[in-house]
Amino acid sequence: MNMLVLKFGGTSMGSADAIKQVVDIVRNKLNESSVMVVVSAMSGTTDLLLNCGTKASASDESYKDILKQLETRHLDTVKALIPVQQQSSVLSMVKKYCNEIEDICNGIFLLGESSLRTKDKLMSYGELLSSIIINAAFNTNGSTSVWKDARELICTNSNFSNAIVNFPLTNQQVSDYLKEVSEKLIVIPGFIASDANKITTTLGRGGSDYTAAILAGAVDATALEIWTDVSGMMTADPRWVLNARIIPSISYQEAMELSHFGAKVIYPPTIQPVLNKNIPVWIKNTFAATDHGTVIENKSESSNIITGISSINSLALLSLEGSGMVGIPGFSSRLFAALANAQINVILITQGSSEHSICVGVDVSLALKAKEAVDKTFEYEIASEKVEPLQIEKDLSIVALVGDQMRHHTGISGRMFSALGRNGVNIRAIAQGSTERNISAVVLTSDVRKAVNVLHEEFFETSKKQINLFIVGTGNVGKKLIAQLIKQRTFLEQHLRLQVNVTGLSNSRQMLINETGIDLNCWESSLEQGEPANLQQFIQSIIYKNLRNSVFVDVTANASIADSYALLLEKSIAVVACNKVAASSQLSNYKKLKHLSGEYNAPFLFETNVGAGLPIIGTLNDLMRSGDSIHRMEAVLSGTLNFVFNNYDGTKLFADVVKQAQDEGYTEPDPRLDLSGTDVMRKILILAREAGVPMEMEEISCNGFLPESCMKGTVADFYEAMKKEEAHFKAIYEKAKAENCKLKFVASYISSPLGDGGGKASVGLQHIPPQHDLYHLYGKDNVVLFYTDRYKEQPLVVKGAGAGAEVTASGVFADILRAI
Ligand code: ADP
Ligand code: ASP
Ligand code: MG
């Protein structure tokens, strides 16, 4: 008769309800085949047992509370699963095991220590308990099953906690047992085995998968099914990558590589016993039993070049360096022999072609032991300065791309490294297996989650790219921006394949971060329930979260927020600002931000600093990049001032017209910044700088019109002062009118006639006659005239609404899209 081996993991055994599902799954299989069921301990049990041992050995009596908890959980499961009349024998068995656990822990408590051997004994009870419970469940639910202790079948050496299997003896014991058993259903505890002296050993954490594979190999099973809590092996760890998807079919080699590089869904040694016998392995979901799952077999039917991405944490890189190594054979073999003798498993190896250094990756817990062993081996060479003492670098991780198809394709590593580079992930070392089935990169542990996501997006999510926005400011512009993001969401997804998440949101009172994206339909109430705002914390968590495609969006006018751009750019986080403070700050700061932006590949965009949504800076950048040079710029850049002078004709108070501009949302929060000309100075300064001129604010001359008396006190005082100065404003107006001119607050820049890259800028109120280019400018419009090498006589003109929340938000939106 055919034999199927089914393994059920900790979650599948985690509650009476889950075990009922397991019983159903197995019952269906029994119609067509004999079945061996291998089970893990109930989820969390192994950790708790270990924890009891640790506490007991540290004379901490609270282990007794944990034991009580464990006992109750198992007894309750029996009571919920098995009819009352048939419970007693299982209940007493559970009690018996729990007493034994307690005896062992008491022993550890008295001795004050526990060996690996004792820990193995202690851990074995997790699987013993779960297996007798499910065995009873089968027998009371219409199937006849027999329980068999894995320790009588699987024989290992005495390497406690990670024992090595003696396959010939194990296979013999299994086949002898099969001859004597008549039941179609056999229940076996996973994870545990015994050594030649019948002492309990374990197969390594997660080892129940391995138990099932050993048995499947021994009985030549028709298939091995690993039943767990996900519907198959996935393209990446689903706890990290939201868009990870099931791999329907994968080769043994690929599955092995993925699990070796951290895909926890199967324990790495699991494939070995079934591989030679060509037994297919299925990964299936206990809680969605009809899902297809993943089949692991000889061939891979993946149409993707990359099958999956995985990662390993807690890596240390060990580097052996020295001029004495060049050209001399034997260094690497001595290095590896030293590591092997110290029982240190090498995860990754790289050697530069200069032979000047060899670099190996090992688990960080073994790094010091490795250093002792290697430094001892090279004692003589170190003393004579031919090689340096072994260097250790910690806090590293490996991220690996796996796929059989990679060897037939060029350019995969290029794509991998440039995707990581674009996101500011620094690569410490690289290794490619000679089978070309795997490319691994060593990165900082703080970057690994982002690296996995970046690569997943690069190789699997060609249909969608996720953007993470962190928006500061929910005033006029911020609100409009969020409204535009909501409105455009479907368009962005369908046409640009962008999934734009607002991951962080803050105003001056509250802040909120949600990695899966804040629900924009109720952002106001969510933000209200957020944490009290703290800029530093907000910035730190953006950096700490280290999400891919992060964009920081500053829609405030706040100087301390502008001070944080450098920190962000240094971490390759793009900055989009309508806040003008940074771009008009000290030249050295402006230059530093530009430099960081280039150095760390992080766009720093501020189109809305000049002319709101109008493409002014973009146009200037295009001219400069394509080799043009700016001779002169003539501009009206204040929506506020233009609005004020277009609407003031002496019939209404000047102060009232200014108030109207503020109410309609055109002014800065403090309108004096506009009225004094300071805001226009900042704008022409930014344009001059973007035209390549190293200018400071102090170099710009300003012919202002606001009397000194208006500059004092609060904004309310300012309005009062303006009322008192009405005659002054009226006189200015009348004078221009008498000359048949309009009043325009003009910003000009003229490059130095010496052609030395310098130039002069000025701003001020001017009388503009009807024939002038700037005359026909209405409402709050802005205009810029660029006179350049190419636009000598007739300027290139950009003109349109230059203020207002809606257009500013749309300019910020465009910058966001440009940044990504
Ligand atoms: P069990 O207790 O059934 O043995 P495990 O917890 O050991 O289950 O393994 C299943 C878990 O492995 C999943 O819940 C998932 O979170 C995690 N996992 C990590 N990487 C992958 C991957 N590439 N594919 C599927 N699951 C993965
Ligand atoms: N119970 C063991 C562990 O937690 C073995 C397993 O679940 O596979 O490591
Ligand atoms: Mg597992």
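The values are calculated or read from the model by the stated rules, or taken from the named source; none is laboratory data. Please read these numbers as outputs of a predicted model, since none were measured by experiment. Note: ideal-geometry Cβ built from the backbone for every residue, glycine included; neighbour counts use all protein chains shown. Surface areas here come from the heavy atoms of the whole protein model, side chains and all, with no ligands, DNA or RNA. Shrake-Rupley method; radii C 1.70, N 1.55, O 1.52, S 1.80 Å.
At a glance:
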quantity	calculated
Helices (runs of 4 or more DSSP H) contained in the range 592-691 and holding at least 3 residues touching a residue at least 24 places away in the same chain (Cβ under 8 Å), open to solvent by 10 Å² or more (accessible area, probe 1.4 Å) and not acidic (Asp, Glu)	616-625, 639-647, 678-690
Set 144, 170: member being among the β-branched types (Val, Ile, Thr), surrounded by 15 or more Cβ atoms within 10 Å (Cβ to Cβ) and in contact (Cβ under 8 Å) with a residue 12 or more places away in the chain	170
Criterion violated by residue 183 - all others in (1) within 16 Å of ligand 2 (Cβ to nearest atom); (2) under 21 Å from residue 133 (Cβ atoms) satisfied	(1)
Residue 456, sole failed condition from (1) crowded, with 21+ Cβ neighbours inside 10 Å; (2) free of Cβ contacts under 8 Å to residues at least 12 places away in the same chain	(2)
Odd one out for residue 328 among (1) within 13 Å of ligand 1 (Cβ to nearest atom); (2) among the aliphatic types (A, V, I, L, M); (3) part of a loop (DSSP other than H, G, I, E, B)	(1)
Count - residues of the range 17-41 that are under 36 Å from the mean Cα position of the chain (by Cα) and away from ligand 3 (no atom under 12 Å from the Cβ)	5
Test: residue in the range 733-743 that is within 21 Å of residue 622 (Cβ to Cβ), at pLDDT below 95 and open to solvent by 40 Å² or more (accessible area, probe 1.4 Å)	no
Residues that are charged (D, E, K, R) and either touching a residue at least 60 places away in the same chain (Cβ under 8 Å) or in contact with a helix residue (DSSP H, G or I) (Cβ under 9 Å, 6 or more places away or on another chain) (or both), drawn from the range 69-107	71, 73, 76, 79, 95, 100, 102
Qualifying residue in the range 716-734 (condition: closer than 20 Å to residue 633 by Cβ, part of a helix (DSSP H, G or I) and not charged (D, E, K, R))	no
Failed item, numbered, when residue 110 is tested on (1) without any contact (Cβ under 8 Å) to a residue 24 or more places away in the chain; (2) within 25 Å of residue 205 (Cβ to Cβ)	(2)
Given (1) away from ligand 2 (no atom under 16 Å from the Cβ); (2) more than 34 Å from the chain's Cα centre (by Cα), number of the condition residue 232 does not satisfy	(2)
Filter result for residue 541 (under 26 Å from residue 667 (Cα atoms), open to solvent by less than 70 Å² (accessible area, probe 1.4 Å) and under 21 Å from the mean Cα position of the chain (by Cα))	no
Condition check for residue 165: touching a Cys at 6+ places or on another chain (Cβ under 9 Å) and among the aliphatic types (A, V, I, L, M)	yes
Any hit, the range 24-36, residues being crowded, with 17+ Cβ neighbours inside 10 Å and within 16 Å of ligand 1 (Cβ to nearest atom)	yes
In the range 127-162, the residues that are touching a Leu at 6+ places or on another chain (Cβ under 6 Å) and closer than 18 Å to residue 208 by Cα	155, 160, 161
Output for the range 50-68, where each listed residue is closer than 19 Å to residue 93 by Cβ and either buried (at least 24 other Cβ atoms within 10 Å of the Cβ) or free of Cβ contacts under 8 Å to residues at least 24 places away in the same chain (or both)	68
Yes/no for residue 43 being open to solvent by 30 Å² or more (accessible area, probe 1.4 Å), under 25 Å from residue 291 (Cβ atoms), touching a helix residue (DSSP H, G or I) at 6+ places or on another chain (Cβ under 8 Å) and within 16 Å of ligand 1 (Cβ to nearest atom)	no
Candidate set: the range 202-213, residues that are touching a Lys or Arg at 6+ places or on another chain (Cβ under 9 Å) and surrounded by 24 or more Cβ atoms within 10 Å (Cβ to Cβ); chosen: the one nearest to residue 454 (Cα to Cα)	209
Matching entry among 199, 154, 133, 186 (being over 30 Å from residue 305 (Cα atoms), more than 16 Å from ligand 3 (Cβ to nearest atom), open to solvent by 40 Å² or more (accessible area, probe 1.4 Å) and touching a residue at least 40 places away in the same chain (Cβ under 8 Å))	199
Residue within the range 550-567 that is open to solvent by less than 20 Å² (accessible area, probe 1.4 Å), within 21 Å of residue 419 (Cα to Cα) and at pLDDT 95 or above present	yes
